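Heads up: the structure comes next, in structure tokens.
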Amino acid sequence: MASNDRTTRLLAAWQSDEEQCIGLIDLAADGACVVHRLALPTRAHGLFVEASGSVLAMARRPGDWLVRWHPRTGATQWQWIEDDHRFNGHVMSSPDGQTLWTTETDRDSGQGRVALRNAHTLARTAAFATQGMDPHEMLVLPARVGDVPAGSLLVANGGIPTQPETGRAKRELDRMDASLVALDGHTGRVLGQWRLPDPRLSVRHLAWDPVSERVGIALQAEHDDAQARQAAPVLAVWDGLGLQTAREQPALVGYGGDICARPGGGFLVSCTRAHHLAWFDARGVWQRSEPLQEACALGNTANGWWAAGRASALSDTTTDPLGLPAGVRLDNHWLVISTRS
Amino acid sequence: MTIWNRFNAGLGLCLALTQVHAQTTGPATPVVAFPVYNAAHAMQGLHRHTLLPRAQAFAQAATALTAQTVAYCGGSAALPALRLQWQGTLQAWEALSSVATGAVLERRSQRQIDFWPVRPALVERAIARAPQGEDAMQLVGTPAKGLPALEWLLWTRPAAPATPACAFAQEVAKDVEREAQALVQAEARISAQDWDEDAEASGKGMAEWINQWLGGLEQLRWAQMEKPLKAAPANERPAYARLASGSDAASWQTQWKALREQAGVTPAQRRAPPQPGQALVPIEAILMGKGEISLAARWSAALAQADAAMASADPTRAASVLNAATALKSLNLLFQNEVASSLDIPLGFSNADGD
């Protein structure tokens, strides 16, 4: 790695003092600062940057708000979820920009839904089943993978039984049923569904590797047995045919917080509870790990990556950790908006 | 040794010498020794001495609600009396369920009898179907029954005596009563559990309680108080959960009282700490028993601030509601950032975990 003087602007969510926020952070070797911010009613989770430059942020599961924010003007557009559902933390726009997809849970049945929302009004127009519980991140396939056509919507069904009255508390883990499902994003037609042999591995976050044309999946282990949890894989790779868990991986405490593709192919997984970043090749073979305290949010471009920890960040071009803005405790995700030298 | 084995160790030692704090007890500062409480003590106190009596009180109220509804529909009781009984039943329910643990959680009773908001179209459909008895009521969707549906039938569109709507109201009341009786049975079973003998069950129960206490606090702070304010269109009244019956202020106070009694010690408990297995052991007492004196003091002060703010919370004055919500948020942060970790409890609701 070599140091440079580039500045990277990232969209992030964080806690600061008694406030939950989203905002833009400028990150450089000589310091970091918040350049725009929006205070939120509760903690955010998933973020999405629209073509216009506006930002979508969603409440962490079980959530009840979705907001569109224009960082330059500060303008906001709030959408409160319909009372019989709860947001599950992630939102994304269809490639044509006309539709938003949100992962949700039906409060009555506890089953997962993808809601289609009018991109202008944010209002729900339709919904379909995710064929599982606890749906989390989504990804639109940029290219055909196996028999699954380009443009299909991949959904990570986390598989953890959820109840509105327990929020995030985990009960009845024996009923866990995590899966990756490929859907037609407009009709909900099921194009394929894949499960890992170990039912206690929750499938949560997704990344597309354009080099290998495979999808990396960050896993979170829910085993009762601490040793099994410690040793559990933090990555699975989907190649259109099936899911392959990480190989030759050392113990990383079974918690993949975020995932992104590596320049040149393969995946980077933040192992928050192991305080490490882990490098994998596109087949899921572990390459190496580097320490980063409370490693979590990962952002990338075609040429680089940025990883946030508790008080500092790493990137592909820095030799020394980059400081984060004082008092800011970042959430799981951040997205690269721009880089400039 | 696991976290819970560690937590269960140390039974009966009087380690914590604490000074009582001026905010809650006045100038006198006697030195009081608190026992070291383990998870079994917490579960015994919670279930035997709090939740079981609350479940019994709720069942009594629900039985009276059924009787009052039958009387009203038969023309022998007035609507105001029935409404009063509904409000009393709601209070008894919230005193039990605001920290949704034990039987309430096991049976998913909140979903069964307190699904909010009610769906008027589903209620109308159910009235037309005229369900009778337990089996028929099981086919009625949760958004059309329970206490919110009864509130709709008593306030929003009051059912006149001797009408199909009133017949359905009776069935809804009986359904609530059945659930209340089932809660008593379930909570009696849980209370009779030998918590001392099963450290794993005690540990899980304790973790569930602490998590659900936080969940109950957030439910009150955000879902019931702050969110309706923020989500209300300009110049419109916030859609508080018990708006139709005008019960929001009382509901908030009941919820806060239930949360408060499980969170902080009373002046009497400062003078005579709860005896293990003989009384509810509030979170503050556990902290003191663990020797976390400074944290217990800050927790007590935060509770006192919330007491003051909650006492002024008035659904008709937005500023007072926001002020109370802010105080509850401060309490939430202290709980998440320091209290729970001092109790060795991993928090599912926490801001400290990922997703």
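Derivation of every value follows stated rules applied to the coordinates shown; laboratory data play no part. What you see is a predicted model; the values in this text were computed from it and never measured. Every residue, glycine as well, gets a Cβ built from its backbone with ideal geometry; the counts of neighbours run over all protein chains shown.
Some observations on this one:
- Value of [θ]222 nm, deg cm²/dmol, for chain B, DSSP H segments ≥ 4, -39500 (n - 2.57) each, nearest 500: -18000 deg cm²/dmol
- Cα gyration tensor shape for chain A, rounded if a/c is under 1.5, else prolate or oblate: rounded
- Listed residues B:GLN193, B:ILE210, B:LEU139: farthest to the positive end of the dipole of chain B (Cβ charges): B:LEU139
- In this label model, A:LEU191 and B:LYS230 are separated by 3.6 nm, measuring between points 7 Å along each Cα→Cβ vector.
- By other beta-carbon atoms within 10 Å, ranking A:ASP106, A:ASP64 with the fewest at the front produces A:ASP106, A:ASP64.
- Among the GluC sites (Glu not before Pro) in segment B:142-206, those placed in a DSSP loop whose Cβ has at most 16 other Cβ atoms within 10 Å are B:GLU197.
- Across chain A, the mean sequence separation of Cα contacts (distance under 8 Å, 6 or more residues apart), normalised by length, yields a relative contact order of 14 percent.
- Other residues with beta-carbon under 13 Å from the beta-carbon of B:ALA182 carry, at +1 per Lys or Arg and -1 per Asp or Glu, a net charge of -1.
- Size of electric dipole in segment B:218-349: Cβ of Lys, Arg +1 and of Asp, Glu -1, about Cα centre, debye, nearest 20: 180
- Test item: Cα-centred dipole of chain A, Lys/Arg +1 and Asp/Glu -1 on Cβ, debye: 260
- Likely footprinting exposure, A:HIS120, A:HIS276, fewest C-beta neighbours within 10 Å first: A:HIS120, A:HIS276
- Under 17 Å from B:LYS145, Cα to Cα: lysines that are on another chain or at least 8 residues apart: B:LYS174
- Whole-Å distance, taken between Cα centres, linking segment B:168-245 and segment B:34-104: 11
- Selection from B:LEU46, B:VAL36, B:ALA324 lying farthest towards where the dipole of segment B:3-342 points positive, charges on Cβ: B:ALA324
- C-alpha long axis of helix B:248-263 to longest principal axis of chain B, angle in °: 30
- Net length available on complete extension from B:GLN275 to B:LEU333 is 18.0 nm, with 0.36 nm assigned per residue and the Cα-Cα distance removed.
- Cα gyration tensor category, rounded, prolate or oblate, for segment B:147-252 with a/c compared to 1.5: oblate
- With Cα atoms defining each centre, segment B:294-350 and segment A:272-318 are spaced 36 Å apart in the structure.
- Listed by chain and number, the aspartates and glutamates placed with their C-alpha closer than 12 angstrom to that of B:LYS290 are B:ASP344; residues fewer than eight positions away on the same chain are left out.
- Partner lysines for B:LYS204 [C-alpha distance under 17 Å; skip if fewer than 8 residues away on the same chain]: A:LYS170
- Using a simple spin-label model with pseudo-atoms 7 Å out from Cα toward Cβ, A:ASP316 and A:GLN77 lie 3.4 nm apart.
- Taking GluC sites (Glu not before Pro) across segment B:234-315, the ones in a DSSP loop with at most 11 further Cβ atoms lying within 10 angstrom of their Cβ are B:GLU236.
- If R0 equals 35 Å, the separation of the Cβ atoms of A:ALA231 and A:ALA129 corresponds to a calculated FRET efficiency of about 0.55.
- Applying the criteria of a DSSP loop state and at most 13 other Cβ atoms within 10 Å to the GluC sites (Glu not before Pro) of segment A:197-280 yields A:GLU248.
- Helix axis angle, B:199-218 relative to chain B longest principal axis, alpha carbon, degrees: 60
- Model label sites at A:LEU173 and A:ARG340, defined 7 Å from Cα along the beta-carbon direction, differ in position by 4.7 nm.
- Using Cβ point charges alone (K and R +1, D and E -1), the dipole size of the protein assembly as shown about the Cα centre works out to roughly 980 debye.
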